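Asks: Below is a structure I'd like to ask you about.
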Amino acid sequence: MTKKKLGRLALVLGLLTITVYIGGCLPSENGEDGTGGFITSIWPMLIFIVFLFGLMYFIMIRPQRRQQRERQDLADQLQKGDRVITAGGIYGQIDSISDDNVVLKIESGGTIRVARTSITTKQGEPQPRTG
């Protein structure tokens, strides 16, 4: 694991631990039995569930939407003559474009037709960072 991923994991575990202690999910040390009724016992659980959903949104859903938006922007910006790389690792130059597919001219002089969404990057542009 990279340092960045370990840092995120430590942050998440720390926030979960703090939420559990602040929410009162753990028994108290001074011997109280914690019988405050149904309403007072449900709040810590609700806070914890809302926190987990918020955490899932920021860790999983938001980055996935951003990547999907970037792929759609790339597909919309394709033009004839662009040098591109497909998801299968094929390098080529765009010969023609239609709504849902692209004809690529490859190095051997042949042409192939691929789905427009299978084009991952343009050559010469910085590669997107993962992680």
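The values are calculated or read from the model by the stated rules, or taken from the named source; none is laboratory data. Because the structure is a prediction, the values reported are computed rather than measured. Here Cβ is always computed from backbone atoms with ideal geometry, including for glycine, and neighbour counts include all displayed protein chains.
Asks: Do we find a residue being within 24 Å of R8 (Cα to Cα), surrounded by 10 or more Cβ atoms within 10 Å (Cβ to Cβ) and in contact with a Cys (Cβ under 9 Å, 6 or more places away or on another chain) anywhere in region 45-52?
Replies: Yes, the conditions are met somewhere in region 45-52.
Asks: With the condition being more than 30 Å from I97 (Cα to Cα), touching a Leu at 6+ places or on another chain (Cβ under 7 Å) and at pLDDT 65 or above, I'd like the helices (runs of 4 or more DSSP H) fully within region 1-77 carrying at least 1 qualifying residues.
Replies: Where helices (runs of 4 or more DSSP H) fall fully within region 1-77 and carry at least 1 residues being more than 30 Å from I97 (Cα to Cα), touching a Leu at 6+ places or on another chain (Cβ under 7 Å) and at pLDDT 65 or above, they are 3-23.
Asks: Still on this structure, I have one more. Scan (1) farther than 30 Å from A10 by Cα; (2) surrounded by fewer than 15 Cβ atoms within 10 Å (Cβ to Cβ); (3) in contact (Cβ under 8 Å) with a residue 40 or more places away in the chain for the single condition E70 breaks and write down its number.
Replies: Here E70 meets the rest and fails (1).
Asks: Additional query: Just to verify a result, which residue in region 80-117, among those that are of a type in the set (G, A, S) and assigned to a strand (DSSP E or B), is nearest to Q68 (Cα to Cα)?
Replies: That would be A115.
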